[in-house]
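Structure, as structure tokens:
Every number in this text was worked out from the coordinates using simple rules, so none of it is lab data. Bear in mind the structure is a predicted one, so any value in this text is a computation, not a measurement. Note that each Cβ is placed from the backbone with ideal geometry, even for glycine, and that neighbours are counted across all protein chains shown.
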Amino acid sequence: MKARFTGAALAAITLLAGCAGMMHGGGPMAMVKLEATRGNTTVGTVMFHQRGEQVMVHARVEGLKPGQEHGFHIHEKGDCSSGDGMSAGGHFNPSGKPHGPQDSAEHHAGDLPALKADAQGRVDVKFQISGVGIGSGMADIVGKGLIVHAMPDDYKTQPTGNSGARIACGVIARHAMN
């Protein structure tokens, strides 16, 4: 009998295989399955892999507005139960810093680079972030929410970046692949 996979399951398997190659090094890993919030179609899978002081991120997301940037943040609560993503709370910010781009000295631990959708409304992007950890410390992201927003982040408006509605939500969970 042939195994059948849904699109989401196949994407997760492909992402894990790709991450194993990209993120070789044995550090802690975490994974998120993004689900669409009520009335939206955005879904995806995001892997996090700690390498020293940096965390490598690989995001595959679909159902985005084609050609548009979307705000992308780690939120303080691992709760997507509200249907609109609001139960995930505000941006993860254990150090009490202002909102800003990941490459600035002052930013929330949860401020991530924007997701830029292609012409089909998909993104497959890899980047690294600092100021967070997987499984330990004050800035541990395990158990936090991950949100994709409807609009671009302006990286100025406090404390949210004015990036609009929450169109996908997931909870970051420790991944035992190492």
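Here are a few things to note about the model shown:
- Within the straight-line cut-off of under 27 Å between alpha carbons, the lysines reachable from LYS65 are LYS33, LYS77, LYS116, LYS126, LYS144, LYS156, sequence neighbours fewer than 8 places apart in one chain being disregarded.
- Global form of region 62-178, assessed from the alpha-carbon gyration tensor, a/c cut-off 1.5: rounded
- Taking other C-beta atoms within 10 angstrom as a stand-in for reagent exposure, SER163, SER81, SER87 fall in the order SER81, SER87, SER163, fewest first.
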